[in-house]
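One structure is given here, and the rest of the page talks about it.
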Amino acid sequence: MSLKEELIRRLEEEETRTVSNAFGGIQTQGSTKSYSVSNIRDWLTSAPLDTSQSLGSSLARLKSLVKTNSYKQIIGSLIRFSFLIELTNLKLGSTKMKTRWMPGRILMPQQGSFEPLQGTFKPGNDPRSSSSDVCCDVFETCMQIIADKIESEDNISTKLNLLSRNTSVPYEFVFDYKMPSENPIHTPQNINWILNQDIEWLIEARPIIWGTLSAQQKNKIQTKTYKTDRALTGKDKTNRAKRWETLFGDFQHATITQCWSVERKLLAELTGFDKFPERIKESLQKSGLMSSFNVSRCPVTLEHLDFEVLQNPAVHGRSDYQVGHLHPLKRGGYHEGANVCWKSNDGNRIQGDLTIEETIAPLDKITSRMDMLHSSHLETVESEIAKDS
């Protein structure tokens, strides 16, 4: 059996062991177990490499260019990106990892209705699905791109190491798609290298800012940035799935680069909160990550947001501050940094499903009327005083 055949066999075996009936299969003992990318990574990174085979040659080339730990981290991330996808199960209760080619039942949209139908996730039937051969081609293409980048550009290895030590989601990495709307999407020709300014900023800023956050707040930022809300309607029925692994065109879909812009915006806004630690600001300035700090206000109530209030634990699932969209996703807004901000709980409740413009317009009118009534009242009082005198 070739290395490629053995890799595919192990990937399929791991799905059989862990997926159970999440996608319409038969209940097995492995129903609560999680897919282990690390087991496959450890086997592959220690396997003998036959360089006369394409896969062995690609692995050997990459292995020669990086240190052992970096090699294992890169291969783990590439296995996750190239071969696997995390889909919401039929009960919308959680997500499960599976290969991109083994068939499974998922909830799919029905034309003209919000009632979902059960459809089959498999190559040719879902744009996110690809055959095992295509996934292997994606795997090799990614390795070749990384090797080329390391050989031609300075500090690529350093940046990849920083990312591996400061990830916001498991196996976060530097590949996405050139055209997210392609069908099928997961092909070698559509792979895109995405080591951009946002992630370069994040891999340095994360370890500086994260230390100021409670575990609850850090998790909130990561969840709101990278994962979908629970959605019973729309093109894709989701519950905390990765946004870039939902169907393109669904209102919750976003590329990983859009998600990076969201996380950068949220972390940068934290530095403008009242009582945000001065030592962290100084560290960010010294690192060249930020030169100035703007005051962070709720876009609705205009109150200066308070870092100490942010750290208050949520009560009954409700917290003092929320992460929200200025233009709601269901109204055609995008999940990207320019459209995301921190809000007070009052501001979030007042806005509801309105755009920020629709929210502020009536508030401006109310304020204007209050000013007019106040002025009129003052004139009346002054007139009465004048009469009495």
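The values are calculated or read from the model by the stated rules, or taken from the named source; none is laboratory data. These figures come from a predicted structure and were not determined experimentally. Because the Cβ atoms are built from the backbone with ideal geometry, glycine has one as well, and the counts that use them run over all protein chains shown.
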Some residue of the stretch 157-174 being farther than 12 Å from I256 by Cβ and in a loop (DSSP other than H, G, I, E, B): yes
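Okay, residues lined up against (1) surrounded by fewer than 22 Cβ atoms within 10 Å (Cβ to Cβ); (2) in contact with a strand residue (DSSP E or B) (Cβ under 9 Å, 6 or more places away or on another chain); (3) in contact (Cβ under 8 Å) with a residue 24 or more places away in the chain:
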position	(1), (2), (3)
K237	no, yes, yes
T246	no, yes, no
F251	yes, yes, yes
C259	no, yes, yes
K265	yes, yes, yes
K275	yes, yes, yes
K281	yes, no, no
Q285	yes, no, no
Odd one out for S34, checked against (1) surrounded by 14 or more Cβ atoms within 10 Å (Cβ to Cβ); (2) modelled with pLDDT under 95: (1)
Which numbered condition E151 fails, given (1) crowded, with 17+ Cβ neighbours inside 10 Å; (2) in contact with a Leu (Cβ under 8 Å, 6 or more places away or on another chain): (1)
Residue list for the stretch 243-289, restricted to those being of a type in the set (A, V, I, L, M, F, W, C) and over 30 Å from M108 (Cβ atoms): L266, L267, A268, L270, F273, F276, I280, L284, L289
Pick from the stretch 346-376, criterion among the acidic types (D, E) and in a helix (DSSP H, G or I), ranking: farthest from R318 (Cα to Cα): D371
Selection status of I75, touching a Phe, Trp or Tyr at 6+ places or on another chain (Cβ under 8 Å) and of a type in the set (A, V, I, L, M): no
For I75: the one exception among (1) more than 22 Å from H186 (Cα to Cα); (2) at pLDDT 95 or above: (1)
When residues of the stretch 345-373 are limited to those that are under 29 Å from D250 (Cβ atoms) and touching a Ser or Thr at 6+ places or on another chain (Cβ under 9 Å), the one surrounded by the fewest Cβ atoms within 10 Å (Cβ to Cβ): G352
Single match in D133, D137 (criterion: modelled with pLDDT of 95 or more and either buried (at least 17 other Cβ atoms within 10 Å of the Cβ) or touching a Cys at 6+ places or on another chain (Cβ under 7 Å) (or both)): D137
Filtered residues of the stretch 331-359 (kept if within 23 Å of C259 (Cα to Cα), charged (D, E, K, R) and more than 18 Å from the chain's Cα centre (by Cα)): R331, K343, D353
